[in-house]
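Asks: Have a look at the structure that comes next, please.
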Amino acid sequence: MTFSWTPHRFSGGALALDVANSVVLRDDPARRIDRFADPAAMDAFCAGASTYGAERDLFGALTPVHDDARSGLVALREAIDAHFRAEIEGTATPDLLARLLEAIAATLRRSGTRAQALDTATARSALMLLAQPQPDRLKICPNCRWLFIDRSRNRSRAWCDMAVCGNRVKANRHYRRRRGDPGP
């Protein structure tokens, strides 16, 4: 199965969230897909983020992480997801924040002067998310469960990407209505 990093894959609104969203169906262990399990896909993510990511102007052209730093990027990704998901759900703990800060610090220590490396840019993006003045703009897509920033004026954005998740939900609702099934 071939895979490409399309614009939809970068709908999180921040590099740190797009990295966290590199796990598809995170809540379903039987169907879970880790896009970073393949080193080539992890490397290709850099080109996609540099082209489609919301913070592409801030970080510029990203470079792949060194082979010895791949596990550190995955640890950072998991800490980002755990902390921000808990923040959105109202279950955040100081331990999750500490774990995220430790992962950020370890990444920055390891990266040295490689400012354009994916792991370094992701750590910086996570720090910016932690410092943002409106944490209530962070949301979880009810369809795919990806994390995203709601930048709509009235904070009414419901899906990570209207063209994908929004259409799927609306099409499913239309199909159920036509069959006479009220659904959820």
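The values are calculated or read from the model by the stated rules, or taken from the named source; none is laboratory data. All values reported here derive from a predicted model rather than from experimental measurement. A quick note on method: Cβ atoms are made from the backbone with ideal geometry, for glycine too, and the neighbour counts reach across all protein chains shown. The area values use the complete protein model at the heavy-atom level, side chains included, leaving out ligands, DNA and RNA. Shrake-Rupley method; radii C 1.70, N 1.55, O 1.52, S 1.80 Å.
Asks: Looking for whichever is aliphatic (A, V, I, L, M) and in contact with a Lys or Arg (Cβ under 7 Å, 6 or more places away or on another chain) here; the options are 80, 88. Which one fits?
Replies: One residue alone meets the criteria, 88.
Asks: For segment 85-137, how many residues meet the condition of being polar (S, T, N, Q) and in a helix (DSSP H, G or I)?
Replies: Matching residues across segment 85-137 total 5.
Asks: Name the residue, out of 151, 155, 110, that is open to solvent by 40 Å² or more (accessible area, probe 1.4 Å) and at positive phi.
Replies: 155
Asks: Please go through segment 1-52 and give me each residue that is among the small types (Gly, Ala, Ser), out of contact with any Cys (no Cβ under 6 Å at 6 or more places or on another chain) and under 18 Å from residue 84 (Cβ atoms), ordered by number.
Replies: Matches in segment 1-52: 12, 13, 14, 16, 20, 22, 49.
Asks: So in segment 10-41, with the set limited to residues that are of a type in the set (Lys, Arg) and either touching an Asp or Glu at 6+ places or on another chain (Cβ under 6 Å) or free of Cβ contacts under 8 Å to residues at least 40 places away in the same chain (or both), which one is least open to solvent (accessible area, probe 1.4 Å)?
Replies: Checked segment 10-41; the qualifying residue least open to solvent (accessible area, probe 1.4 Å) is 35.
Asks: Please work out which residue is nearest to residue 15 (Cα to Cα), limiting yourself to segment 66-77 and to residues that are open to solvent by 50 Å² or more (accessible area, probe 1.4 Å) and in a helix (DSSP H, G or I).
Replies: Among residues in segment 66-77 that are open to solvent by 50 Å² or more (accessible area, probe 1.4 Å) and in a helix (DSSP H, G or I), the one nearest to residue 15 (Cα to Cα) is 75.
Asks: Being buried (at least 17 other Cβ atoms within 10 Å of the Cβ) and of a type in the set (Asp, Glu) is the filter here; which residues of segment 79-102 pass it?
Replies: 81, 87
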